[in-house]
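Read the structure below first, then the notes.
The values are calculated or read from the model by the stated rules, or taken from the named source; none is laboratory data. All figures in this text were calculated on a predicted structure; none of them were measured in a lab. Every residue, glycine among them, receives a Cβ derived from its backbone with ideal geometry; neighbour counts consider all protein chains shown. Quick note on the areas: whole protein, heavy atoms, side chains included, nothing else; ligands and nucleic acids left out. Shrake-Rupley method; radii C 1.70, N 1.55, O 1.52, S 1.80 Å.
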Amino acid sequence: MGNSIFVFAEQREGKLKKVAFEAVSLARTLADKLSAEVNVSVIGSNVSQEAEKLKDFGADSIHIVEDPSLENYSPELYRDILVDQIKEKGSNIVLLGSTIAGLDLAPRISAKLE
């Protein structure tokens with residue numbers, strides 16, 4: 001895989017959770033040491049404006065997937081979107097927050113990516 005760090009920036013009701021900013025900041029620190037880029041994914045409904053805030057925390061690129069059907073967390077949909085993005089970017093490090101959704105998604109993503 002490539003020289004990229006991938007972050008899932010979790011949101012709820014269109015607002016990014018605090019852990020999203022923390023994860024992007026950590027990714028930036030790691031990326032600077034590894035000469036890598038930070039790719040961030042935000043999934044939900046009406047999250048574009050909120051997602052732009054992540055640039056101030058070190059995101060090199062932000063990938064937004066918006067659809068009303070994604071407003072609420074869906075394990076399979078979110079997993080499939082994230083796996084596709086991780087593969088596309090060739091990320092070798094993936095960060096998710098230690099939240100209910102993050103803890104649910106991490107093994108699903110890992111299994112899909114083998």
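Observations on the model:
- Computed extension length for ASP56-ASP104: 14.5 nm, one decimal, from 0.36 nm per residue of separation with the Cα-Cα distance subtracted.
- Peptides 39-45, 68-74 ranked from most to least packed, by the mean per-residue count of other Cβ atoms within 10 Å: 39-45, 68-74.
- Taking 7 Å steps out from each Cα toward its Cβ at GLU114 and SER69 produces label points 2.8 nm apart.
- Span-rule helices in the chain, defined as complete DSSP H runs reaching 30 Å or more along the axis (Cα) with Kyte mean at least -1.0: none
- For the stretch 10-93, accessible area per residue (1.4 Å probe, heavy atoms of protein chains only), Å²: 55
- Over the chain, Cα pairs under 8 Å with separation of 6+ residues give a relative contact order of 33 percent.
- Normalising by residue count, the chain has a Cα convex hull of 84 Å³ per residue.
- Virtual paramagnetic centre 7 Å along Cα→Cβ of SER48, amide N under 17 Å, in the stretch 2-30: 14-16
- Among beta bridges that DSSP assigns inside the chain, antiparallel share in %, nearest 5: 10
- Sparse-neighbour loop sites [GluC sites (Glu not before Pro); the stretch 3-62; at most 12 other C-beta within 10 Å; DSSP]: GLU13
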